[in-house]
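*Asks:* Just dropping this structure here.
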Amino acid sequence: MKDIAILLFDGFEPLDVYGPAEVFGCIERLDTSGKAPHIIYCSLEGGIVHGSFNTDVQTIALSAVQDGVTMLIPGGPGTRVLVKDQEFLRTLRQQLPRFSQLLTVCTGSAVLAATGAIDGRRATSNKRSFTWVTSVREEVHWIGHARWVIDGDLVSSSGVSAGIDMALDVTARSYGRAFAQSLSTVIEYVWNDKSEEDPFAAV
């Protein structure tokens with residue numbers, strides 16, 4: 001598995017970030033090969049980013065992230081601003097081809113969709129914000145009933161804690177299901193390992 005670059009912005013949702021980061025970060029505890037992925041926190045220009053609930057994070061510039069890693073885009077209230085920030089969207093769109101895999105959590109999929117880079121592809125998002133998310137870019141094939149959705153190198157998850165389920169699935173596809181199950185035990189998390197089981201889809 002490649003290193004994970006998590007793209008932060010003011011108003012990101014902490015669990016969208018730290019849930020998957022816990023999963024990917026804990027791979028090193030079980031993988032003794034020395035090739036476990038590293039977590040990289042980045043933002044458009046680098047510096048301190050202010051997340052929800054007074055979560056401040058020091059980041060590097062997006063342009064400084066090496067090619068070929070996986071990018072994860074979280075959600076949060078800040079996404080409502082980003083989908084209208086044309087400079088941000090243009091810069092992100094230009095950078096996307098450098099990444100080997102794209103992961104989104106919650107309304108992070110709305111930000112990715114707003115770049116126009118995933119038109120015609122399958123994706124999902126937070127069900128409480130689903131009407132808004134789908135209005136951002138109707139050209140995306142939005143899936144309303146899914147805990148997470150895989151479309152090639154694009155993996156999007158539903159709201160907040162669904163990012164943990166997605167991260168475990170991504171881990172399972174790289175390291176095997178038994179490894180991912182062991183990791184879920186390490187973090188004492190009950191893994192919903194069936195992407196089609198989405199108890200919040202009816203909201």
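The values are calculated or read from the model by the stated rules, or taken from the named source; none is laboratory data. As the structure is a computational prediction, the values presented were derived from the model and not from experiment. Cβ coordinates were reconstructed from backbone atoms using ideal geometry, including for glycine residues, and neighbour counts include every protein chain displayed. These accessible areas exclude ligands, DNA and RNA; they are computed on the full protein's heavy atoms, side chains included. Shrake-Rupley method; radii C 1.70, N 1.55, O 1.52, S 1.80 Å.
*Asks:* Which far-off residues, 5 or more places away or on another chain, put their amide H under 5 Å from the one on Ile40, with H placed in the peptide plane?
*Replies:* Ile4, Ala5, Ile6
*Asks:* Same structure, new question: With a 1.4 Å probe and all protein chains kept in place, how much accessible area does Lys194 have, in Å² rounded to the nearest 10?
*Replies:* 90 Å²
*Asks:* Given a Förster distance of 35 Å, report the FRET efficiency between Thr32 and Glu196 from their Cβ-Cβ distance, rounded to the nearest 0.05.
*Replies:* 0.55
*Asks:* Could you give each residue of the stretch 163-170 its phi-based ³J(HN,Hα) in whole Hz, using Karplus coefficients 6.51, -1.76, 1.60 with θ = phi - 60°, and x for Gly or Pro?
*Replies:* x, 5, 4, 4, 4, 5, 5, 4
*Asks:* Show me the ranking of peptides 167-173, 55-61, 109-115, 179-185 by mean Cβ neighbours inside 10 Å, starting with the highest.
*Replies:* Values: 167-173: 22.4, 55-61: 14.4, 109-115: 26.7, 179-185: 17.6.
Going from most to least packed, we get 109-115, 167-173, 179-185, 55-61.
*Asks:* Also, quick follow-up: How much of the accessible area of the chain, probe 1.4 Å, is carbon plus sulfur, in whole percent? Kindly include the intermediate steps, with their values, before the conclusion.
*Replies:* On the way: 4430 of 9060 Å².
The computed percentage sits at 49.
*Asks:* I've got another one for you. Please list, in order along the stretch 151-160, the HN-Hα scalar couplings obtained from phi with the Karplus expression 6.51 cos²θ - 1.76 cosθ + 1.60 (θ = phi - 60°), rounded to whole Hz, x for Gly and Pro.
*Replies:* 9, x, 8, 10, 10, 10, 10, 6, x, 6
*Asks:* Could you calculate the FRET efficiency of Gln181 with Arg98 from 1/(1 + (r/R0)^6), where r is the beta carbon distance between them and R0 is 25 Å, rounded to 0.05?
*Replies:* Numbers: r = 32 Å, r/R0 = 1.28.
Using R0 = 25 Å, I get an efficiency of 0.20.
*Asks:* For the stretch 46-54, what does the Karplus curve 6.51 cos²θ - 1.76 cosθ + 1.60, with θ = phi - 60°, yield as ³J(HN,Hα) per residue in whole Hz, taken in order and with x for Gly and Pro?
*Replies:* Here the 3J(HN,Hα) series is x, x, 7, 10, 9, x, 5, 6, 6 Hz.
*Asks:* Mind checking the per residue accessible area of the chain for me, 1.4 Å probe, whole number of Å²?
*Replies:* Values: 9060 Å² over 203 residues.
That works out to 45 Å² per residue.
*Asks:* Let me ask you something else. Counting alpha carbon pairs within less than 8 Å and at least 6 residues apart, what relative contact order, in whole percent, applies to the chain? Display every interim value, and only then the final one.
*Replies:* Working: 436 pairs, mean separation 41.0, N = 203.
The value is 20 percent.
*Asks:* Relative contact order for the stretch 2-94: what percent, with Cα pairs under 8 Å and sequence separation of 6 or more?
*Replies:* Values: 157 pairs, mean separation 36.3, N = 93.
Dividing the mean separation by the residue count of the stretch 2-94 yields 39 percent.
*Asks:* Evaluate E = 1/(1 + (r/R0)^6) for Asp119 and Glu188, where r is the Cβ-Cβ distance and R0 equals 35 Å; express this FRET efficiency to the nearest 0.05.
*Replies:* Plugging the Cβ-Cβ distance into 1/(1 + (r/R0)^6) gives 0.30.
*Asks:* Taking 0.36 nm per intervening residue step and subtracting the Cα-Cα distance, what contour gain separates Ile60 from Glu138 on full extension? Mind showing how you got there, number by number?
*Replies:* Numbers: separation 78, 0.36 × 78 = 28.08 nm, distance 3.21 nm.
Value of the extension gain: 24.9 nm.
*Asks:* What is the distance in Å between the Cα centroid of the stretch 1-49 and that of the stretch 57-114?
*Replies:* The stretch 1-49 and the stretch 57-114 have Cα centres separated by 13 Å.
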